[in-house]
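To start, the structure under review is shown below, and the notes come after it.
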Amino acid sequence: MWIIEQKSTGRLGTNDIALLQHVHPSRVRQLWSEYVKTGQVPQLKKAGKPSRIITELEEEEVVNIYRECQSNAVALECLLRKKGINLPHNMIHTILKKHGLASEQRNKQKRKKWVKYERKHTNSLWHTDWYMVMDRRWMGRWLIVYIDDASRFITGWGLFDEATTEKAISVLDKAISEYGKPASILTYRPWIPVLRKLWRRQIARHCCISGAPFKAEDKAYSRQDTAPANQW
């Protein structure tokens, strides 16, 4: 595991490892503590709760109540709870389908449309992100990327030994000189609120000095977000 390897060598601190792996520092400390106690690299377990096994008695009770009441799964869930049987309506619906007492709901089976890119016009928004390269050829170096939100075109990038605001601004200036000024910039890194405010303030100050008519925004990662450098 990469986290254990970095902790063992001491090349990166806990906070740096957490930032690169998009996890909380407490998770890094937890994995390291387990490794120190057991001497073995922790193995990730299967995510989520173990599936609940439906007994034959529960299945029979669901079928019997349905034949008495002819109700939907949500109503049957309430009736079963009164008898001391706790089954979610999804499981009840599965049992009913198994016995031919319910049918598929096609509207719920349709995949929801997923809009990957929000902006319609080029240069409406640029994403930017710092990313530590894991490739052996450039191991430990920092990559910054500017990507146009609408076209996904990489307007600027740079590879450096350190991730600093000055280097980010130099790449930004070059990108603007070649492809024009974006209406706004969405910054992701760093995630620590204090540092994120500093990063945003410095970028915004540079925009004012250069006379660029755009604003700097910041955004922390969530499960639905993908860093621009990772997309590239």
Query raised in the report: Taking R0 as 35 Å, what's the FRET efficiency between residue 44 and residue 90 from their Cβ-Cβ distance, rounded to 0.05?
Result: 0.85
Requested in this report: Would you kindly state how much longer the chain becomes between residue 16 and residue 64 on full extension, computed as 0.36 nm times their sequence separation minus their alpha carbon distance, in nm to one decimal?
Outcome: 11.5 nm
**Report entry** Rg/Rh ratio calculated on Cα atoms of the range 1-98 (Kirkwood radius)
**Finding:** 1.36
Query raised in the report: So, in Å, what gap is there between the alpha-carbon centers of the range 5-53 and the range 122-180?
Result: 29
Query raised in the report: Roughly what would the spin-label model give for residue 24 and residue 159, points 7 Å off Cα along C-beta, in nm?
Result: 3.6
Query raised in the report: Using the scaling law 2.2 N^0.38 Å as the reference, what is the normalised Cα Rg of the range 56-107?
Result: 1.02
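Given Cα pairs under 8 Å that are at least 6 residues apart, what percent is the relative contact order of the range 56-107?
It rounds to 33 percent for the range 56-107.
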Query - Dimensionless Rg ratio for the range 8-160, taking C-alpha atoms and the 2.2 N^0.38 Å reference - result: 1.76
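Every read-out reported here was derived from the displayed coordinates using simple, explicitly stated rules and does not represent laboratory data. Bear in mind the structure is a predicted one, so any value in this text is a computation, not a measurement. Cβ sites come from the backbone with ideal geometry, for glycine too, and all protein chains shown count toward neighbours.
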